[in-house]
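Notes for the one structure printed next.
The values are calculated or read from the model by the stated rules, or taken from the named source; none is laboratory data. Remember, predicted model here, so these are calculated numbers, not experimental data. With ideal geometry, Cβ positions are generated from the backbone for all residues, glycine too; neighbour counts draw on all protein chains shown.
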């Protein structure tokens, strides 16, 4: 540092620890002959070390930065603080007469070393100028001065080394956050070199990070010839005319972020048939406003285009962007906070929340401090143990995806999310990084579809319900008629017969009430509330309403349910819907075979449950018409049906397939046309 201290008049902004050390040297005896003067020390905090020391030495202190700018005769302002408001205030200073020296942590250390060197230089100078000194002492003094200079250099080198190690560690943490994001994201530097290409980007484009990172070939997955990506447009600071030349009317300025661009375009080279991509890019800036790089996020909107659904405006938010960039820590924090998905940093051992980004506060309604230290599992359905089990078994550097999990906001309203969790390192400790994507709208639509399937099933069940209710009504009618006839004839009914008839009425009222309650419970729209249950229960309930149907259609039922079968985690109501669908389809298949063969067909429906390793297995088989290979391939597609027009919606098997997949189950079909069908359904057993 080259600064003439002679007669210098200084002001200091920032009263932290370096301020006190600087004051001790400036006001100490070692630099007294330079006739230095500290005019004022300013800080909004009044109890910091530098402010208190300045008061002890009689130096003027203030909490108003504006007073510093009004001082006359000032030569230098030492800036030890980074308040944003300072930039605006210091713009008023006439820099032709006043120098502003910005001392960050490293420069403050360097300035202190400079003052110590000056102090030692003056000390040596005084000794040399005295009459009582020989050449040997002069040599010793210069050796001593050289040693101080060397120690100062080593001190600064140690600081720079530690700073470099911290930056490397922060860069690792930044990469882990980006890699853990479910949003396809890539970053380039100010030389257009690709520095980050996350896993989601690999999955979307089919190009691996190792092929592209370190090159300027980020265009390769999207174009057949070299052309700037939107991130290159940002880094190159292209004019609007140049951008228009590349993207035409497909691009626009972001309505959310200044200097950010967004666009949507069809890329024929992505995937087998090409993909529509919505992409956004924003600049990465240093504190002085210089562009250091750019970040681009991608979203596959192909299905939205095909089905003409409206784009959700919230999905247009940039996955990561920030206004100011100074160090890697600030870079990481901005990317973290501006990710469009809520992100939780979780302790690997206790599952307590260590940190959250701004999106968590916005979507869940909590203040960050309210969540810190709270168990992550408590913001979801605490009865669902699948997340805890999955996190406990998650290996280092691996990830896991939990689908359709219920979370609760601060106001107790619920939302459904897909949660992707990565086992990673964060601030020198093992953590879990969880990213949540809101899928409430799609879950609600799926629930409505399932409910529509239930209502269609109720029509099929109507005959069985009528029979089940008519039987108890007939018993009640007969008992009531008998009692009335006896009363009219004046015949006294014996007490034991009266009690017997009353009990018959009570039993049959209970039976009819039970049937009605069961149908009402089945028809009710159920919430996603996974509980431990025995799969035999919904199977038995199926025949409370379909037993009569089996009789009418001359179907022989063979049931073999394992009484010691393990529990699974599912919903009774929805599983009953699955088995009702399978049973009614089996009845229809056997009726169809009877019609086609125009004769007597042995109709047998078999339902069996058993355990196979860690799976609970249900087999539903029939002696119906069976399926061709073509039908088996399409059987789970929505709206596909082999029934005559008007006799089937094509939703039953599709809905059943979705319900089974929701509970981590599988369904296989063994069938040959003309020889019946066997459905094998498996669910993971609870250990």
Fill in the blank from the handout: Of the residues in region 278-292 that are farther than 13 Å from residue 185 by Cβ and in contact with a strand residue (DSSP E or B) (Cβ under 7 Å, 6 or more places away or on another chain), the one that is surrounded by the most Cβ atoms within 10 Å (Cβ to Cβ) is 283
Exercise for the section: Go through region 404-418 and count every residue that is part of a loop (DSSP other than H, G, I, E, B) and either surrounded by 14 or more Cβ atoms within 10 Å (Cβ to Cβ) or on the phi < 0 side of the Ramachandran plot (or both). Expected result: 4
Exercise for the section: Please report, ordered by residue number, the helices (runs of 4 or more DSSP H) entirely within region 1-71 with at least 1 residues that are closer than 23 Å to residue 116 by Cα and assigned by TED's automatic domain parsing to the domain that holds residue 92. Expected result: 17-26, 49-56
Exercise for the section: Out of 413, 386, report the one residue that is without any contact (Cβ under 8 Å) to a residue 24 or more places away in the chain, over 16 Å from residue 346 (Cα atoms) and more than 13 Å from the chain's Cα centre (by Cα). Expected result: 413
Practice task
With respect to residue 554, determine if the residue is surrounded by fewer than 21 Cβ atoms within 10 Å (Cβ to Cβ), under 25 Å from residue 655 (Cα atoms) and assigned by TED's automatic domain parsing to the domain that holds residue 679.
Solution key: no
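To keep it simple, each residue is scored yes or no on (1) in contact with a strand residue (DSSP E or B) (Cβ under 6 Å, 6 or more places away or on another chain); (2) in contact (Cβ under 8 Å) with a residue 12 or more places away in the chain; (3) under 20 Å from residue 24 (Cβ atoms); (4) surrounded by 12 or more Cβ atoms within 10 Å (Cβ to Cβ).
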{"position": "47", "(1), (2), (3), (4)": "no, no, yes, no"}
{"position": "58", "(1), (2), (3), (4)": "no, no, yes, no"}
{"position": "71", "(1), (2), (3), (4)": "yes, yes, no, yes"}
{"position": "79", "(1), (2), (3), (4)": "yes, yes, yes, yes"}
{"position": "95", "(1), (2), (3), (4)": "no, no, no, no"}
{"position": "99", "(1), (2), (3), (4)": "yes, yes, no, yes"}
{"position": "107", "(1), (2), (3), (4)": "no, no, yes, yes"}
{"position": "112", "(1), (2), (3), (4)": "no, yes, yes, yes"}
Practice task
Go through 315, 355 for me and flag whichever is part of a strand (DSSP E or B), in contact with a strand residue (DSSP E or B) (Cβ under 7 Å, 6 or more places away or on another chain) and either modelled with pLDDT under 85 or surrounded by fewer than 20 Cβ atoms within 10 Å (Cβ to Cβ) (or both).
Solution key: 355
Problem - Unmet criterion (only one of (1) crowded, with 22+ Cβ neighbours inside 10 Å; (2) modelled with pLDDT of 80 or more; (3) assigned to a helix (DSSP H, G or I)) for residue 336 - result: (2)
Practice task
Residue by residue through region 6-30, note down the ones that are under 15 Å from residue 122 (Cα atoms) and surrounded by fewer than 17 Cβ atoms within 10 Å (Cβ to Cβ).
Solution key: 6, 7, 28, 29
Completion exercise
Subset of region 471-491, residues modelled with pLDDT of 75 or more and outside any helix (DSSP H, G or I), comes to 490
Exercise for the section: Could you tell me which numbered condition residue 421 fails, if it satisfies all but one of (1) at pLDDT 85 or above; (2) in contact with a helix residue (DSSP H, G or I) (Cβ under 7 Å, 6 or more places away or on another chain); (3) surrounded by 16 or more Cβ atoms within 10 Å (Cβ to Cβ); (4) more than 20 Å from residue 684 (Cβ to Cβ)? Expected result: (4)
Practice task
Within region 557-580, track down each residue that is over 27 Å from residue 381 (Cα atoms) and surrounded by fewer than 19 Cβ atoms within 10 Å (Cβ to Cβ).
Solution key: 557, 558, 559, 560, 561, 562, 563, 564
Practice task
Among what's in region 213-240 and is over 21 Å from residue 292 (Cβ atoms) and touching a residue at least 40 places away in the same chain (Cβ under 8 Å), pick the residue that is farthest from the chain's Cα centre (by Cα).
Solution key: 224
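In the list 391, 401, which residue meets the criterion of being out of contact with any helix residue (DSSP H, G or I) (no Cβ under 6 Å at 6 or more places or on another chain) and assigned to a helix (DSSP H, G or I)?
Going through 391, 401 in turn, just one is out of contact with any helix residue (DSSP H, G or I) (no Cβ under 6 Å at 6 or more places or on another chain) and assigned to a helix (DSSP H, G or I): 391.
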